[in-house]
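**Q** First the structure, which I've put down as structure tokens, then a few questions once you've had a look.
Just so it is clear, none of the values below were taken in a lab; they were calculated from the coordinates. Values in this document were obtained by computation on a predicted structure and should not be read as measured data. Neighbour counts run over all protein chains shown; Cβ positions are idealised from the backbone, glycine included.
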Amino acid sequence: MLDTNTDGVDQRVSTGDLPSWERIDERVLEAYERNVTDEQGLVADYIPELAAADPSQFGVCIADVEGSTHVAGDAEVEFTVQSISKAFVYALVCQEFGHTEVGRLVGVNNTGLAFNSVIAVELNDGHPMNPMVNAGAIATTALMPGATLAEKWENIRTGLSAFAGRQLSMDGEVYRSEAETNTRNEAIAKLLKSYGRIAGDSSGIVDIYTRQCSLRVSARDLAIMGATLADGGVNPVTKQRVISPIVCRDTLAVLATSGLYERSGEWMFEIGLPGKSGVSGGIVTVAPGKGALGTFSPRLDSAGNSVRGQKATAFLSRSLGLNIFASDSEGDRHDV
Ligand code: GLU
């Protein structure tokens, strides 16, 4: 990794403010209404239990760094967090091991290949490449503190609950359904082990990874979890410090490069914010220093990203002036 040591340099953070409460409420409702009739995309079915999702469900929530939430639609409906867990487990592991070590062990570069690619591991000499693809996520879960697998799992569940500000519980049906069918993740873990990239019981690590993916969250939970990353690591509702500001910065940088599967470039171009999606239809999107969006809608594009979630987030990014690359404080000038 590039050596960019700036120890002793006065580091500054520059952000703008969100618009007024009323305007956010209006825009969240508008993001919902504009997209609720969109029926593009397909519900994931490679995990059998996910195919049972109700495709009509659609929820949008914004949480700001003061702890206020603005919701529309099915923002309280629970679904399994799936890949979005990768972002928060990564943050917890970075908190423990630090920027340089996790960067070296797991990596931060996009693979350009599908999230569950085996060939990406082979092409990179067994390096998992980044924590948002399954190989990197499994390697990250393996690094989670805990003397036993049970302790690692408890630390993940407690850590993700601290981000959400409430006790999260696992969906047993989805967990069992994925555990019975995830031979591909088993293969990835064994391949990583053959390269010496993970230590210990690779099947046990995959089991914990499957459990973390099966934790139940709502769009509101995702918004609060994201707002904790936007707020320098302090949950804006419970006021609990979960991680440090530096770990937030590092986590958001990884989401920016690889949060939306192999569409991460298009996402950054259209939306201009770090985000993470999951195959059950959730997306969390973070506006650093301002707040975060949580969306839920199970119909996905071919890369695995919620169609209505992407559209609602694009609308909100533009209409609330959230794009981190836009220098006009009135928001960018796209036709929304
Ligand atoms: N548990 C899923 C898997 O590992 C998560 C996939 C995702 O949301 O991208 O295949």
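**Q** Can you tell me the convex hull volume per residue for region 84-240, based on C-alpha atoms, in Å³ to the nearest whole number?
**A** Given the Cα convex hull of region 84-240, per-residue volume reads 112 Å³.
**Q** Next question. Rounded to the nearest Å, what's the spacing between the alpha carbon centres of region 178-200 and region 29-48? Just the number, please.
**A** Centre-to-centre distance over Cα atoms comes out at 32 Å.
**Q** Two decimals, Cα atoms only, Kirkwood Rh: what is Rg/Rh over region 46-109? Kindly include the intermediate steps, with their values, before the conclusion.
**A** Working: Rg = 16.7 Å, Rh = 15.0 Å.
Expressed as Rg/Rh, it is 1.11.
**Q** Another question, if that's okay. Quick one: dipole size for region 90-238, taken about the Cα centre, charges +1 on Lys/Arg Cβ and -1 on Asp/Glu Cβ, in debye to the nearest 20.
**A** Numbers: 12 positive and 15 negative charges, 19 e Å.
Computed about the Cα centre, the dipole is about 100 debye.
**Q** Please state the Cα pair-distance histogram of region 1-154 with 5 angstrom bins from zero: what percent is in each bin?
**A** Calculated over all Cα pairs of region 1-154, the distribution is 2, 7, 11, 12, 14, 15, 16, 13, 8, 3, 0 percent.
**Q** May I pose another question? Around CYS248, with a cut-off of 12 angstrom between Cβ atoms, what is the net charge of the other residues, counting Lys and Arg +1 and Asp and Glu -1?
**A** On the way: positive: ARG241, ARG249; negative: ASP231, ASP250.
Charge balance near CYS248 sits at 0.
**Q** If I model a spin label at LEU2 and SER203 as a point 7 Å from the Cα along the Cα→Cβ vector, what separation in nanometres do I get?
**A** 4.3
**Q** OK, next. Just from the alpha-carbon atoms, what are the Rg and Dmax of the chain in angstroms?
**A** Calculated on Cα positions, Rg and Dmax stand at 18.5, 55 Å.
**Q** Starting from a Cα-only point model with no solvent, please compute log10 I(q)/I(0) by Debye for region 112-199 at q = 0.11, 0.13 1/Å.
**A** One equal scatterer on each Cα of region 112-199 leads to -0.36, -0.50.
**Q** Charges only on Cβ, +1 for Lys and Arg, -1 for Asp and Glu: so what's the dipole of the chain about the Cα centre, in debye to the nearest 20? Kindly include the intermediate steps, with their values, before the conclusion.
**A** Values: 28 positive and 43 negative charges, 113 e Å.
Charge dipole of the chain: 540 debye, to the nearest 20.
**Q** About its Cα centre, what dipole magnitude does region 216-336 give when the only charges are +1 on Lys and Arg Cβ and -1 on Asp and Glu Cβ, stated in debye to the nearest 20? Let's see the in-between values first.
**A** On the way: 13 positive and 11 negative charges, 95 e Å.
Once rounded to the nearest 20, the dipole reads 460 debye.
**Q** Using 31 Å as the Cα-Cα cut-off, could you pick out the over-long pairs in LYS190/LYS290; LYS193/LYS290; LYS152/LYS276; LYS152/LYS190?
**A** Working: LYS190/LYS290 41 Å; LYS193/LYS290 40 Å; LYS152/LYS276 23 Å; LYS152/LYS190 19 Å.
LYS190/LYS290; LYS193/LYS290, as the Cα separations exceed 31 Å there.
**Q** Let me ask something else about it. Given R₀ = 30 Å, what would the calculated FRET efficiency be for SER14 paired with ARG166, taking r from the Cβ atoms and rounding to 0.05?
**A** Numbers: r = 32 Å, r/R0 = 1.07.
Plugging the Cβ-Cβ distance into 1/(1 + (r/R0)^6) gives 0.40.
**Q** Which whole number of Å³ per residue matches the convex hull of the alpha-carbon atoms in region 1-78? Kindly include the intermediate steps, with their values, before the conclusion.
**A** Values: hull volume 16.6 nm³, N = 78.
Taking the convex hull of the Cα positions in region 1-78, it is 213 Å³ per residue.
**Q** Okay, helix-only estimate at 222 nm for the chain: each DSSP H run of n ≥ 4 adds -39500 (n - 2.57), divide by all residues, round to 500 deg cm²/dmol; what do you get? Numbers along the way, then the final one.
**A** Numbers: 13 runs with 146 residues, N = 336.
The per-residue figure over the chain is -13000 deg cm²/dmol.
**Q** Hey, another quick one. Can you compute the radius of gyration and Dmax for region 186-336, using only the Cα atoms, both in Å?
**A** Using the Cα atoms of region 186-336, the pair Rg, Dmax is 16.8, 53 Å.
**Q** Would you pull out the residues with amide H under 5 Å of SER83's amide H, same chain only if 5 or more places away, H placed 1.01 Å from N?
**A** Result for SER83 returns VAL279, SER280.
**Q** Two-decimal Rg/Rh of region 135-183 from alpha-carbon positions, Kirkwood Rh?
**A** Numbers: Rg = 12.2 Å, Rh = 12.2 Å.
Radius of gyration over Kirkwood radius for region 135-183 works out to 1.00.
**Q** Hey, another quick one. Kirkwood hydrodynamic radius of region 204-280 from all distinct Cα pairs, in Å?
**A** In region 204-280 this quantity evaluates to 13.8 Å.
**Q** Can you give me the Rg/Rh ratio for region 114-163, using Cα atoms for both radii and the Kirkwood formula for Rh? Display every interim value, and only then the final one.
**A** Details: Rg = 12.9 Å, Rh = 11.9 Å.
Taking Rg over the Kirkwood Rh, I get 1.08.
**Q** May I ask for the net charge around ARG157, where only other residues with Cβ less than 13 Å from the Cβ of ARG157 are counted and Lys, Arg are +1 while Asp, Glu are -1? Show your work: numbers first, answer last.
**A** On the way: positive: LYS152, ARG166, ARG211, ARG216; negative: GLU151, GLU154, ASP171.
Residues close to ARG157 contribute a combined charge of +1.
**Q** Please report, ordered by residue number, every helix of the chain (full DSSP H runs) that is 27 Å or longer along its axis going by C-alpha atoms and whose mean Kyte-Doolittle hydropathy reaches 1.6.
**A** Numbers: long enough: none.
In the chain, no H run is both long and hydrophobic enough.
**Q** How large is log10 I(q)/I(0) at q = 0.11, 0.16, 0.19, 0.23 Å⁻¹ when the Debye formula is applied to the Cα atoms of region 67-176, each weighted equally and without solvent?
**A** Log-scaled intensity ratios, in q order: -0.42, -0.83, -1.06, -1.28.
**Q** For region 228-271, treating each Cα as an identical point scatterer without solvent, what Debye log10 I(q)/I(0) comes out at q = 0.30 1/Å?
**A** -0.90
**Q** Now for a separate question. Within region 281-310, list the residues whose amide N lies under 16 Å from a label point set 7 Å along Cα→Cβ of GLU39.
**A** Within reach of a label on GLU39, which here means backbone N under 16 Å from a point 7 Å along Cα→Cβ, region 281-310 contributes 298-300, 307-308.
**Q** In percent, how large is the relative contact order of the chain, given Cα pairs closer than 8 Å and 6 or more residues apart? List each step's numbers first, then the result.
**A** Numbers: 717 pairs, mean separation 85.3, N = 336.
Contact order relative to length: 25 percent.
**Q** Just add up the charged neighbours of ALA189: K/R +1, D/E -1, any other residue whose Cβ is under 13 Å from the Cβ of ALA189. Working shown, then result.
**A** On the way: positive: ARG184, LYS190, LYS193, ARG197; negative: GLU186, ASP201, ASP207.
Neighbourhood net charge equals +1.
**Q** In units of 2.2 N^0.38 Å, what is the alpha-carbon radius of gyration of region 175-234?
**A** On the way: Rg = 15.3 Å, N = 60, 2.2 N^0.38 = 10.4 Å.
Expressed relative to 2.2 N^0.38 Å, the Cα Rg reads 1.47.
**Q** With all distinct Cα pairs included, what does the Kirkwood hydrodynamic radius of region 255-298 come out to in Å, to one decimal, could you say? Write down the numbers at each step before the final one.
**A** On the way: mean 1/r = 0.0957 Å⁻¹.
The answer is 10.5 Å.
**Q** Give me P(r) over region 149-267, computed from all C-alpha to C-alpha distances, binned every 5 Å, as integer percentages.
**A** Over region 149-267, the share of Cα pairs per 5 Å bin runs 2, 11, 15, 17, 21, 19, 12, 3, 0 percent.
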